[in-house]
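For reference, the structure is listed below as structure tokens.
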Amino acid sequence: MWVELVRALGGFPDAVLTWLDDSGCPVAVRCRPGLDHDRQVVKFCEALPLSPRPGFASLLCPDP
């Protein structure tokens, strides 16, 4: 799975991270994902304007 994620994110300069807030409403922010290959996790290169809460989220990479 990690190899596919690295390949997929490689061509995109930014993405949209979406999650649900405490009331269940969707929240979305544009961000720049980075990859921590040692830990195999997606990190974000800048501070996000809002803090995601623990739980499910999605990362959408629109065409550049």
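Working note: Karplus 6.51/-1.76/1.60 with θ = phi - 60° gives segment 20-31 the couplings 9, 7, 4, 8, x, 8, x, 10, 9, 9, 7, 8 Hz, where Gly and Pro are set to x.
Dividing the helix sum by the residues of the chain, where each DSSP H run of 4 or more adds -39500 (n - 2.57), gives a mean residue ellipticity at 222 nm of -3500 deg cm²/dmol. With 0.36 nm allotted per residue and the present C-alpha distance subtracted, the T18-L35 stretch has 4.3 nm of extension available. Which label belongs to the value computed from this structure, given these candidates for mean projected area of the Cα convex hull in nm²: (i) 4.3; (ii) 5.3; (iii) 4.8? From the options (i) 4.3; (ii) 5.3; (iii) 4.8, the structure gives (iii). Entry comment: accessible area of the chain is 75 Å² per residue, from protein heavy atoms only and a probe of 1.4 Å. Using a 1.4 Å probe over the heavy atoms of the protein chains, calculate the carbon and sulfur portion of the accessible area of the chain as a whole percent. Ligands and nucleic acids excluded, carbon and sulfur reach 58 percent.
Annotation for L60 and A8: the two label points, set 7 Å from Cα along the Cα-Cβ direction, are 1.5 nm apart.
The values are calculated or read from the model by the stated rules, or taken from the named source; none is laboratory data. Quick caveat: nothing in here was measured; it's all calculated off a predicted structure. For neighbour counting, all protein chains shown are included, and Cβ atoms are generated from backbone atoms with ideal geometry for every residue, glycine included. Accessible surface is based on the protein model in full, side chains and every heavy atom, while ligands, DNA and RNA are left aside. Shrake-Rupley method; radii C 1.70, N 1.55, O 1.52, S 1.80 Å.
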